[in-house]
Amino acid sequence: MNFFRFVLLVFSFFCLHAESYGASGGFVWPELNPETWAIKASDYPDGNGAVVLVDRYHFHRRSLERFRRVLVLAEAGRQLAEIQVGGAQIENLEGRTLYSDGKALPFVQGGDIVKLVIVSSKREKVEALRVIPPGVTQHCVVDVHWSEPINAESRPIPDGYDFHLLFSMSGTAPVRMAEILFDPDLSDYGWQRKFEVQPGQKYKEFQENGRTSYLFENIQARQTVPFASEADLRSPVCSWYWAPQMREWLMSVGFPEDKPINLINAAACTVFYSYLMDPVENKRGLRSTLRGMGQGLDNLSIRERAISLMRNLRSKVKTLSELPEIQHQKELKSGPEAVLKRGWGTSEQLNLLGFHVLRENGLSASWVMAIDREENRLLDPNNLWQYDNMLLLVLDERGEPIYLNPGSTYTPVGLPPWLQSSKALVIFSTKERLEWTGKFFALPSVNPEKNSQIWKSVILPGVDSDDFDVSFEATGNAASHWKSVLGGQHAGDLAKGLKPLVEREGFLVRSASGDDLLDPWKKMAFKFQGTFEHEGGRKRVLSPFLFLRTPFVIPPSWPENRTFAIHLPMTTLIQAEARIPWKGEAPTAKELDPTQHENYFGKVSWSGEMTEGNKGKELLIRLKIEVSSILGAPSKYGEMKEFTGWIREALGRGVFAPQI
C-alpha cells in the first residue's frame, strides 16, 4: 500500500499520460491536419485500434493544463478515447468528437461525461475520475482539454499527488507526440525532475521566454511481456519529487551545526520523525488505549507478543477491503484517534497505529518502506518517496527480523511477495529524536517451504465418471494468496468460490468445506469433492492433478528474445499426491518412469508407485513443484522457458485408467 499516498500514477484507461497547454483565457483548439483522416489502422499494426496524436501537459504556477488528441481507427480503439485521472481534481473540462465529414460533437464537464469510478489495481481499489467522451465511433478524433489546480504556496504539482508525481508517456496506443512544458514562474520548492527513457529513446529540450519544454516523438505502444515489471515497460517516464533541504530543519530541532549530514539519517529525524510521531506523541488518551492492547502479553516471546498486538489492533480497526463499500477519498484522511473510533482505516493509518502499539508495549519498532518490484524500480537514489510500500520491523530475541503489515487484509505478518528481493529503506526509531537513523537495504525472498501448498486426493475411477476427494493446506504467502482470491470470489459459498479456481473441462466441484478461510490469523485449509465425466467403455488416460493450476500464469507462446528482467509472483513449494485404488494389471514401468528437473528458477519432479492400501492395491502418484527464484536477469530467459515447460509436462502427465 502507498506510503503517505506519495505516489499516485497519472493514468488513462489502458494508458498513462498527462497533457497541458494554453495560457489564461479561452482555450483554442489546435488545428487538425486534414491528412489525419488518411491514416489507417494498418499504419499502426500494434496500435490496438487507436493512436494518440498529441499528449501534452503544461505546468502553470496555479494549474496543470492538459490536452489530449486521440485518433480512433477501429472498434477496438474506442475505449482508448476515455481518460482516467486518479488523485486529482478536474476543472474546466471541455472536449469535442470530430468526424471525417467535418461535423463535430462538442461536450463539457458534467455527470454523463465525468464519472467517479472505483478502479482495481493489483494491490487495492481506489477512486478515480473517468472522462467518457460522447459519440465515439470506430473512425473519429477525440480532443479533451482540462486543468487540475495547484496550490502554488506549497507545491508545484496538483493536489492529491503529495510529494512524488510519476507519470508515463507510453500506453496501450502509440503516441506520435508527447510534450511537457514548465512555466518560468513555477515554484519548485526544492523539487527535482528526472526523465527515464528506454535504450535508444531520445527527447528534445527547448527554452523559450524562460519556459522549458520537452518533446517526445513516436513512442511505441507499450509491450506485453510475460513476467516483466511495469517499471520496465512504461518508459519514457517523468519523476518529479520533493528533495527537502535538511540542514535548516535539522538545526531547528537541535542538530549540531558542525556535524556532517547523511541524507537518510537526516530524513529519519526530520520528515519521518514528524510523520510517525506528531499524530500520536502528545495524545495521552490514545497512547493509553494502545498500551491496553498489550495486557496479558508480557510473558510471551517477542514474536508472539508482536503478532498478538497486531491481532488485537485489527480486532478494533478493519482494513478497507473488509468493509462492504468503498470509502470516498475525503473520508480516508483521518488522524489515528478518529480511525480507532470509527473502526476502520487505510493501510497507512493501520501501519501508523501498529508502529505505536508496538512502541507503547515495549517493543522497538522500525519503519520499513519498500519498492514494489512488479510495478516500480529504483530511479533516483535521492528520491525517498519512491519507497511507497509500508512495513513494520521488529527483531526477535536472536536478532531475526519479524515483518508486520497490519494494514494488509490477508498478510498482516510476513513479507508480501511483491516486496521480496526489492529495494527498501528502514527507519530505526529510538527515544531521542536526533538518534533516529536509517539505511538502504534489499529485502530477502522467502524460503519456498514457508509458502507451501499441500494437495492430497483420493480418486475413485468409474465407468463414465471419476470421483475426486481433495484436501488442501497452505502456509505463508501461498495461504494469503488463496484467502485473497477466495475473498474476491463467493466468500459465503466455498464451492462457488472454488469453481473458477479448480474446475476444468469435464471436471466439476460438487461440494466443499472449510472453516475461517478468510481469517488472516488462522491456517488455510479446505476440502472439496469433484467429478470428472468421461466416455465409458474404452481405454483412456487418467489425469491425477487436473484440478491443479500452474503456480503462475504461463503464456501460450514466448517472444523469441528478451531484454527485461524476469519477475515471478512468489516463491512456493507445491506438493501433491494422488491415491487411486487399483484393480487389474498395474501400469507399466514406462508409465511410472520418474522425472526430476532442476535449474535456476526451481525444481519439478513426478513419480508413481504401486502400494498396498487398507483396501488393496493403490497407485500413489507424487508431484512436486518448487519455485525458488523469483527474480532473474534476461540471460535466464532460456531457463525460464525450460522451467515452465517442465511444469506443464508434469501437470499434464497421466496414466492409463485401471479396469472397472
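Overview of results
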| quantity | calculated |
| --- | --- |
| Unmet requirement for Glu196, which otherwise passes all of (1) within 22 Å of the chain's Cα centre (by Cα); (2) open to solvent by 20 Å² or more (accessible area, probe 1.4 Å); (3) more than 30 Å from Ala41 (Cα to Cα) | (3) |
| Selection status of Pro184, of a type outside the set (A, V, I, L, M, F, W, C) and open to solvent by less than 50 Å² (accessible area, probe 1.4 Å) | no |
| Within region 503-522, tally of residues that are of a type outside the set (S, T, N, Q), touching a helix residue (DSSP H, G or I) at 6+ places or on another chain (Cβ under 9 Å) and within 14 Å of Leu486 (Cα to Cα) | 6 |
| Pairs where the first residue, in region 135-159, is in contact (Cβ under 8 Å) with a residue 12 or more places away in the chain and open to solvent by less than 20 Å² (accessible area, probe 1.4 Å) and the second is part of a strand (DSSP E or B) and among the basic types (Lys, Arg), C-beta under 6 Å, 6+ apart | Asp143/Arg69; Asp143/Arg96; Val144/Arg68; Trp146/Arg66 |
| Criterion violated by Ser20 - all others in (1) hydroxyl-bearing (Ser, Thr, Tyr); (2) buried (at least 16 other Cβ atoms within 10 Å of the Cβ); (3) at pLDDT 90 or above satisfied | (3) |
| Region 91-117 - residue that is open to solvent by 80 Å² or more (accessible area, probe 1.4 Å) and at pLDDT below 80 and, of those, farthest from Gly407 (Cα to Cα) | Asp112 |
| Test: residue in region 81-90 that is crowded, with 17+ Cβ neighbours inside 10 Å and at pLDDT 95 or above | no |
| Subset tally (residues that are among the acidic types (Asp, Glu) and touching an Asp or Glu at 6+ places or on another chain (Cβ under 9 Å)) for region 431-452 | 1 |
| Residue that is farthest from Phe216 (Cα to Cα), among those in region 35-80 that are among the acidic types (Asp, Glu), open to solvent by 30 Å² or more (accessible area, probe 1.4 Å) and modelled with pLDDT of 90 or more | Glu75 |
| Selected residue (criterion: least open to solvent (accessible area, probe 1.4 Å)) from residues of region 306-324 that are among the basic types (Lys, Arg) and out of contact with any Gly (no Cβ under 7 Å at 6 or more places or on another chain) | Arg314 |
| Residues of region 24-66 satisfying the condition of being free of Cβ contacts under 8 Å to residues at least 40 places away in the same chain, outside any loop (DSSP other than H, G, I, E, B) and not hydroxyl-bearing (Ser, Thr, Tyr) | Pro34, Glu35, Ala38, Ala41, Asp43 |
| Within region 208-222, considering residues that are polar (S, T, N, Q) and under 17 Å from Glu196 (Cα atoms), the one least open to solvent (accessible area, probe 1.4 Å) | Ser213 |
| Region 526-544: number of residues that are surrounded by 14 or more Cβ atoms within 10 Å (Cβ to Cβ) and part of a strand (DSSP E or B) | 8 |
| Per-region count, region 460-511, residues in a helix (DSSP H, G or I), without any contact (Cβ under 8 Å) to a residue 12 or more places away in the chain and farther than 24 Å from Pro417 by Cα | 2 |
| Those residues of region 391-424 which are open to solvent by 20 Å² or more (accessible area, probe 1.4 Å), assigned to a loop (DSSP other than H, G, I, E, B) and over 16 Å from Asp519 (Cα atoms), in sequence order | Asp396, Glu397, Arg398, Gly399, Glu400, Ser421 |
| Residue list for region 611-633, filter: open to solvent by less than 60 Å² (accessible area, probe 1.4 Å), part of a strand (DSSP E or B) and out of contact with any Ser or Thr (no Cβ under 6 Å at 6 or more places or on another chain) | Thr611, Gly613, Gly616, Leu619, Ile621, Leu623, Ile625, Glu626, Gly632 |
| Contacts under 6 angstrom Cβ, first residue in region 589-616 being under 30 Å from Met570 (Cβ atoms) and at pLDDT 95 or above, partner of a type in the set (Val, Ile, Thr) and open to solvent by 40 Å² or more (accessible area, probe 1.4 Å), 6 or more apart | Trp606/Thr595 |
| Cβ pairs under 6 Å, 6+ apart, first in region 627-649 and free of Cβ contacts under 8 Å to residues at least 60 places away in the same chain, second open to solvent by 30 Å² or more (accessible area, probe 1.4 Å) and part of a strand (DSSP E or B) | Trp646/His597 |
| Any chance Phe547 is within 20 Å of Ala650 (Cβ to Cβ) and open to solvent by less than 30 Å² (accessible area, probe 1.4 Å) | yes |
| Test: residue in region 554-562 that is over 30 Å from Ser629 (Cβ atoms) and under 35 Å from the mean Cα position of the chain (by Cα) | no |
| Whichever residue in region 425-436 is open to solvent by 20 Å² or more (accessible area, probe 1.4 Å) and assigned to a loop (DSSP other than H, G, I, E, B) and, among such residues, is farthest from Gln349 (Cα to Cα) | Glu432 |
| Flag if Asp162 is touching a helix residue (DSSP H, G or I) at 6+ places or on another chain (Cβ under 8 Å) and of a type outside the set (A, V, I, L, M) | yes |
| First in region 83-112 and over 28 Å from Ser168 (Cα atoms), second anywhere and outside any strand (DSSP E or B) and modelled with pLDDT of 85 or more, Cβ under 7 Å, 6 or more apart | Ser100/Trp37; Ser100/His139; Leu105/Pro134; Leu105/Gly135 |
| Residue within region 358-379 that is in a helix (DSSP H, G or I), open to solvent by less than 20 Å² (accessible area, probe 1.4 Å) and modelled with pLDDT of 95 or more present | yes |
| Region 634-652, residues that are open to solvent by 50 Å² or more (accessible area, probe 1.4 Å) and more than 22 Å from Ser229 (Cβ to Cβ) | Arg648, Glu649, Gly652 |
| Test result for Thr588, farther than 13 Å from Lys624 by Cα, among the hydroxyl-bearing types (Ser, Thr, Tyr) and exposed (fewer than 12 other Cβ atoms within 10 Å of the Cβ) | yes |
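Condition check ((1) of a type in the set (S, T, N, Q); (2) closer than 30 Å to Tyr273 by Cβ) across all residues:
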position: Leu419; (1), (2): no, yes
position: Ile427; (1), (2): no, yes
position: Lys456; (1), (2): no, no
position: Val509; (1), (2): no, no
position: Gln529; (1), (2): yes, no
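The values are calculated or read from the model by the stated rules, or taken from the named source; none is laboratory data. This structure is a prediction, so every number in the text was calculated from the model and none was measured. All Cβ positions, glycine included, derive from the backbone under ideal geometry; neighbour counts span all protein chains shown. What goes into the accessible areas is simple: the full protein's heavy atoms, side chains included, and nothing from ligands, DNA or RNA. Shrake-Rupley method; radii C 1.70, N 1.55, O 1.52, S 1.80 Å.
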